[in-house]
Amino acid sequence: MTRTLLLTGGCGFIGSNFVRFVLANRPDWRIINLDVLSYSGNPENLADLEGDPRYRFVKGDICDMDTVAPLMEEADGVVHMAAESHVDRSIMDSKPFVVSNVLGTQTLLDAARRAKGGKGAGRFVLVSTDEVYGSLPLERPDLRFTEETPLQPNSPYAASKTGADLLARAAFHTFGMDVVTTRCSNNFGPYQFPEKVIPLFVTNLMENQQVPLYGDGKNVRDWIHVDDHCEGVLTVLEKGRAGEVYNIGGDNERSNLELTHAILDIMGKGKDMIRPVQDRLGHDRRYAIDASKMANELGWRPSRSAWPDALESTVRWYVDNRSWWQRVKSGAYREYYAKQYGAKG
Ligand code: NAD
Ligand code: TDX
């Protein structure tokens, strides 16, 4: 069956990897990519697809009903990834997070429901995050987030994503919409904006700059390769049950210190390149995902996330694509970096 998928946020990190993943694995599908090209949206990420009849880019805001509604008429499935995505920026200024993440999701859900004379735009997958669950204590390594864990978001970013997550839930319960939600852990891979820890540290080291490690470095994240996440979202789109939530994780927990040492080793740099800096406000201690529902119900498992191979190939991508991140790290990025980490850099 030919499908026309409306994807939001396709010029960002996960979105651009998702476009490639779907076009490679579903040869008869078409993708319409709606993206406003905020600071993290980069059309260069998909430049090689220009002219591909299966791919169309629309520059526009998910909050704008006049842009969104006609696109829903063309779609028979929606994957919603567009968001303000960086915790540190949400601490500096949370308004854009509420606007894009909450109001944007509400606009998309309303438009999807009303499309085609009320028949709707097909299944709607909301790409949420594990950060909606809040934080786990380091002292309880036995605990992991399940889909039943209460939502206790701690940062403005996480709170805004929880708003989106709950609107998706309400759309299923109130209107009977075919909505499914994914909650994934920390992604890594090519084309990640270098404000996030892995590309930030790798590209700093390539410029012989120190890496700013927050607090005691003991915070733990569950790292998943972006292609595993993309496969998980596609699996949920095709096989998930309406109204359900699915956790997606890499089964790959690492402290930030472990992560930093692994990057330093791969790049042949010493521990003197670590610069301990003030901790992030409200810094969540540990995220850990129980993804057994994905495995037991839908047969999905992470197969591309194991270290050291997956981390090494990611580091190699940034080494091989210096001009990509050098362009991204110029201009407004410099102002952000100075504000976040101080003049020392
Ligand atoms: P990103 O910042 O790299 O990309 C976000 C994209 O959304 C950009 O292209 C941006 O231009 C677009 N966008 C933002 N506001 C928009 C608006 N109002 N209208 C249209 N487009 C808009 O983020 P990412 O890391 O690729 O994350 C993608 C999604 O996955 C987000 O919803 C995020 O919450 C979720 N997520 C990310 C991770 C992770 O580790 N990166 C983990 C779990 C979930
Ligand atoms: O300079 C840094 N130093 C540092 O020690 C940065 C940017 C981060 N860190 C730490 C903070 C976190 O414990 O590294 C860890 C990872 O930080 P981020 O890359 O900012 O990711 P995180 O805050 O965990 O959130 C990510 O995963 C969940 C994504 O950015 C979110 O979009 C996703 O929802």
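Determine the dipole magnitude for segment 1-93: charges of +1 sit on the beta-carbon of Lys and Arg, -1 on that of Asp and Glu, nothing else is charged, the reference point is the Cα centre, and the result goes in debye to the nearest 20.
Around 380 debye, computed over segment 1-93.
Taking a 1.4 Å probe, which of Ser16, Ser255, Ser292 shows the most accessible area, and what order do the others take after it?
Details: Ser16 0, Ser255 20, Ser292 50 Å².
Putting Ser16, Ser255, Ser292 in descending order of accessible area: Ser292, Ser255, Ser16.
Could you report segment 217-319's accessible area per residue, 1.4 Å probe, as an integer in Å²? Write out the running numbers ahead of the final one.
Values: 4310 Å² over 103 residues.
For segment 217-319, the per-residue accessible area is 42 Å².
Arrange the residues Lys161, Lys116, Lys239, Lys196 by how much accessible surface each exposes, largest first, with a 1.4 angstrom probe.
Working: Lys161 15, Lys116 65, Lys239 120, Lys196 45 Å².
Order by accessible area, largest first: Lys239, Lys116, Lys196, Lys161.
Is there a quick way to get the dipole size of the chain? I mean about its Cα centre, with the Cβ of Lys and Arg at +1 and of Asp and Glu at -1; what is the value in debye to the nearest 20? Could you put the intermediate results ahead of the total?
Numbers: 41 positive and 46 negative charges, 56 e Å.
Magnitude of the dipole: close to 260 debye.
What ranking, highest mean first, results for peptides 163-171, 246-254, 117-125 when packing means the other Cβ atoms within 10 Å averaged over each residue?
Working: 163-171: 20.1, 246-254: 23.3, 117-125: 18.2.
Ranked by mean Cβ neighbours within 10 Å, highest first: 246-254, 163-171, 117-125.
What value, in deg cm²/dmol to 500, does the helix sum -39500 (n - 2.57) over DSSP H runs of n ≥ 4 give at 222 nm once divided by the residues of the chain?
Details: 12 runs with 131 residues, N = 345.
Taken over the chain, the calculation gives -11500 deg cm²/dmol.
Rounded, prolate or oblate: pick one for the chain, where a ≥ b ≥ c are the square roots of the eigenvalues of its C-alpha gyration tensor, a/c under 1.5 means rounded, and failing that, prolate if a/b is larger than b/c, else oblate. Can you show the working numbers first?
On the way: a/c = 1.62, a/b = 1.41, b/c = 1.15.
Judged from the Cα gyration tensor, the chain comes out prolate (a/c at least 1.5, a/b above b/c).
Could you calculate the contour length gain from Val319 to Glu50, that is, 0.36 nm times the residue separation minus the distance between their Cα atoms, to one decimal place in nm? Please list the in-between numbers first.
Values: separation 269, 0.36 × 269 = 96.84 nm, distance 2.50 nm.
Contour length minus the Cα-Cα distance gives 94.3 nm.
As a test of reading the structure, rank Cys63, Cys11 by solvent-accessible area (1.4 Å probe, protein chains only), most first.
Numbers: Cys63 40, Cys11 5 Å².
Descending order: Cys63, Cys11.
May I ask for the net charge around Val319, where only other residues with Cβ less than 14 Å from the Cβ of Val319 are counted and Lys, Arg are +1 while Asp, Glu are -1?
Working: positive: Lys269, Arg316, Arg322; negative: Glu207, Glu312, Asp320.
Value of the local net charge: 0.
From the square roots a ≥ b ≥ c of the eigenvalues of the alpha-carbon gyration tensor of segment 253-345, which class results: rounded (a/c under 1.5), prolate (a/b over b/c), or oblate? Can you show the working numbers first?
Details: a/c = 1.80, a/b = 1.53, b/c = 1.18.
Here segment 253-345 falls in the prolate category.
Between Gln326 and Leu281, what FRET efficiency follows from the Cβ-Cβ distance if R0 is 22 Å, with the result rounded to 0.05?
Working: r = 30 Å, r/R0 = 1.36.
Working from the Cβ atoms, E equals 0.15.
At a 10 angstrom cut-off on C-beta neighbours, averaged per residue, how do the peptides 98-106, 258-266 rank from highest to lowest?
Numbers: 98-106: 21.2, 258-266: 17.7.
Per-residue mean Cβ counts within 10 Å order the peptides as 98-106, 258-266.
Give the long-range amide H neighbours of Val211: residues separated by 5 or more places, or on another chain, with amide H under 5 Å away, using H modelled in the peptide plane at 1.01 Å from N.
Excluding prolines and chain starts, which carry no amide H, the hits are Ile274, Arg275.
Please compute the modelled spin-label separation between Asp265 and Glu148, points set 7 Å along Cα→Cβ, answer in nm with one decimal.
According to this spin-label approximation, the distance is 3.8 nm.
Tally Lys and Arg at +1 and Asp and Glu at -1 over the other residues with C-beta under 13 Å from the C-beta of Ser94: what net charge comes out? Please report the intermediate quantities before stating the final value.
Numbers: positive: Arg89, Lys95, Lys161; negative: Glu84, Asp88, Asp93.
The answer is 0.
Can you grab the distance from the C-alpha centre of segment 226-300 to the C-alpha centre of segment 23-41, Å, no decimals?
Computed from Cα coordinates, the inter-centre distance equals 23 Å.
So how tilted is helix 65-74 from the main axis of the chain? Cα-based, degrees 0 to 90, rounded to 10.
Long axis of 65-74 versus the principal axis of the chain: about 70 degrees.
Could you give the angle, 0 to 90 degrees to the nearest 10, between helix 156-175's Cα long axis and the longest principal axis of the Cα atoms of the chain?
The answer is roughly 20 degrees.
Considering only the chain, what is the antiparallel percent among its DSSP beta bridges, to the nearest 5?
Working: 3 of 39 bridges.
The antiparallel proportion sits near 10 percent.
Quick one: angle between helix 13-25 and the longest Cα principal axis of the chain, in degrees between 0 and 90, rounded to 10, please.
With rounding to tens, the tilt is 60 degrees.
Can you give me the solvent accessible area of Val315 with a 1.4 Å probe, rounded to the nearest 10 Å²?
10 Å²
Can you find, among Leu167, Asn208, Ser330, the residue farthest towards the positive end of the dipole of the chain? Put +1 on the C-beta of Lys and Arg, -1 on that of Asp and Glu.
Selected residue: Ser330.
For a Förster distance of 30 Å, can you work out the FRET efficiency between the beta-carbons of Ser255 and Arg169, rounded to the nearest 0.05?
On the way: r = 32 Å, r/R0 = 1.08.
Computed FRET efficiency for Ser255 and Arg169: 0.40.
Tabulate in residue order the Karplus-calculated ³J(HN,Hα) for segment 184-194, using 6.51 cos²θ - 1.76 cosθ + 1.60 with θ = phi - 60°, rounded to whole Hz; enter x for Gly and Pro.
So the J values, rounded to whole Hz, are 10, 8, 5, 8, 9, x, x, 6, 7, 5, x.
Can you send over the carbon and sulfur percentage of the accessible area for the chain, probe radius 1.4 Å, protein chains only?
On the way: 7140 of 14270 Å².
The nonpolar share, carbon plus sulfur, comes to 50 percent.
With all protein chains present, calculate the accessible area of Asp142 using a 1.4 Å probe and round the result to the nearest 10 Å².
My reading of the accessible area for Asp142 is about 100 Å².
Place a +1 charge on the Cβ of each Lys and Arg in segment 169-250 and a -1 charge on the Cβ of each Asp and Glu, then give the dipole magnitude about the Cα centre in debye, rounded to the nearest 20.
Details: 7 positive and 10 negative charges, 54 e Å.
Dipole about the Cα centre, nearest 20: 260 debye.
Using a 1.4 Å probe on the protein heavy atoms only, what accessible surface does Glu231 show? Give it in Å² to the nearest 10.
Per-residue accessible area (Glu231): approximately 50 Å².
With the Cα gyration tensor of segment 1-90 giving a ≥ b ≥ c as the square roots of its eigenvalues, does the rule (a/c under 1.5 for rounded; else a/b larger than b/c for prolate; else oblate) give rounded, prolate or oblate? Present the calculation step by step, with values, prior to reporting the outcome.
Details: a/c = 1.83, a/b = 1.29, b/c = 1.42.
Verdict is oblate for segment 1-90.
If we count every other residue with Cβ under 11 angstrom of Met65's Cβ, Lys/Arg +1 and Asp/Glu -1, where does the sum land?
-3
The values are calculated or read from the model by the stated rules, or taken from the named source; none is laboratory data. Computed from a predicted model, the values in this text were never measured in an experiment. Ideal geometry is used to build each Cβ from the backbone, glycine not excepted, and the neighbour counts take in all protein chains shown. Accessible surface areas use protein heavy atoms only, side chains included; no ligands, DNA or RNA. Shrake-Rupley method; radii C 1.70, N 1.55, O 1.52, S 1.80 Å.
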